[in-house]
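Trainee: I have a structure here, written as structure tokens, and I will follow up with some questions on it.
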Amino acid sequence: MKCLAVTALLLVVAAPGLAQAPSDHSLTSGETKADADAQAKAMHERLDLDHDGYVTVDEVDRFAKQQTGATGNRNGRLAAFLRRLLLQGDSDHDGRLSLAESLAGTDAAFASMDTNHDGVVTPDERRAALAAIAQQTTKIWHSSASH
């Protein structure tokens, strides 16, 4: 659940240019854990707007507004959804996501996606994992409507 939450959070706020796009090689041949960790680190650094080593719900909100040019308040349901995703990845329950927590989520996600345990997530493994993430994200989204 934690790995799905962190991955879903990062996917929700991801925008073009957020992290390096996977290379054509990784899309056709797969992605290694080192590739996944590098992308997670880059994404965490981009979201950590005050550069204190932590990503907060406020930073996610501000980043999303910067990327879309949006002004004013964000949709309340979306705010609840993002807060819930971030807090599910927050293993020490301090209300923010550290780089270590982001990388732990990435490591867990990589391990769950690499179903044949060969150290490479293939395009087929990635598609299956993204389908599971979409399903879990939908459940979290719907449950956020009631909170």
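The values are calculated or read from the model by the stated rules, or taken from the named source; none is laboratory data. Just so you know, these numbers come straight off a predicted model, no measurement behind them. So basically every Cβ, Gly included, is an ideal-geometry build from the backbone, and we count neighbours across all protein chains shown.
Trainee: Among the numbered criteria (1) at pLDDT 90 or above; (2) under 17 Å from residue 60 (Cβ atoms), which single criterion is violated by residue 120?
Mentor: (2)
Trainee: Let me ask something else about it. So which residues in the stretch 92-136 are closer than 18 Å to residue 43 by Cβ and in a loop (DSSP other than H, G, I, E, B)?
Mentor: 96 - this is the single residue of the stretch 92-136 that is closer than 18 Å to residue 43 by Cβ and in a loop (DSSP other than H, G, I, E, B).
Trainee: Can you tell me which residue among 79, 100 is within 18 Å of the chain's Cα centre (by Cα), at pLDDT 75 or above and among the aliphatic types (A, V, I, L, M)?
Mentor: It is 100.
Trainee: Under the condition of being at pLDDT 90 or above and either among the aliphatic types (A, V, I, L, M) or in contact with a Pro (Cβ under 8 Å, 6 or more places away or on another chain) (or both), which residue from the stretch 40-56 is surrounded by the fewest Cβ atoms within 10 Å (Cβ to Cβ)?
Mentor: So, considering only residues that are at pLDDT 90 or above and either among the aliphatic types (A, V, I, L, M) or in contact with a Pro (Cβ under 8 Å, 6 or more places away or on another chain) (or both), the one surrounded by the fewest Cβ atoms within 10 Å (Cβ to Cβ) is 42.
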